């Protein structure tokens, strides 16, 4: 799961894709090559989220809304999200910056910063993708434990 990065002189690299809740707790994570388009991981991440429990009544199966950056903007995927009952709030690609989503998307960026505080996730040392994905999942577990201890 490596590929030539389009921004780093075609060096091989990986991308981390992440969905969090509104507090920054990771719900789903995936790993792809650096040359893969971001939008290809949107639906597998949405489908990878389990039922949300904790409140009285039937557990919710999906999130109500999805906030994403321009990398996930594609009309086909917006239709698929609506079909799944998720309202997409995604910045459009052909518009100028300043959509106002940064005021809410900083939660995801903060979670990436928490994950990349672990050296093994910031720089990929493993050749096997399964090992790097395992370290990513372990890092997500640590972030979840820390989030539970804050409450």
Over region 57-77, the set of residues more than 16 Å from the chain's Cα centre (by Cα) and under 22 Å from residue 95 (Cα atoms) is 74, 75, 76
Scanning region 68-83 for residues that are touching a helix residue (DSSP H, G or I) at 6+ places or on another chain (Cβ under 8 Å), within 20 Å of residue 105 (Cβ to Cβ) and either in a helix (DSSP H, G or I) or modelled with pLDDT of 90 or more (or both) gives 71, 72, 77, 81
Here is a check on your reading of the model: is residue 27 assigned to a helix (DSSP H, G or I), within 11 Å of the chain's Cα centre (by Cα) and modelled with pLDDT of 85 or more? no
Checked region 120-142 for anything exposed (fewer than 14 other Cβ atoms within 10 Å of the Cβ), in contact (Cβ under 8 Å) with a residue 40 or more places away in the chain and touching a helix residue (DSSP H, G or I) at 6+ places or on another chain (Cβ under 7 Å); matches are none
The number of residues in region 105-119 that are touching a helix residue (DSSP H, G or I) at 6+ places or on another chain (Cβ under 7 Å) and not in a helix (DSSP H, G or I) is 2
Considering every residue within region 39-53, establish whether at least one is modelled with pLDDT under 80, farther than 19 Å from residue 82 by Cα and surrounded by fewer than 17 Cβ atoms within 10 Å (Cβ to Cβ).
yes
By residue number, the members of region 120-131 that are over 16 Å from the mean Cα position of the chain (by Cα) and part of a helix (DSSP H, G or I) are 120, 129, 130, 131
Being loosely packed, with under 14 Cβ neighbours inside 10 Å, touching a helix residue (DSSP H, G or I) at 6+ places or on another chain (Cβ under 8 Å) and outside any helix (DSSP H, G or I) narrows 92, 58 down to just 92
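The values are calculated or read from the model by the stated rules, or taken from the named source; none is laboratory data. Treat the numbers as computed from the prediction; the structure is a model and nothing was measured. Cβ atoms come from the backbone with ideal geometry, glycine included; neighbour counts cover every protein chain shown.
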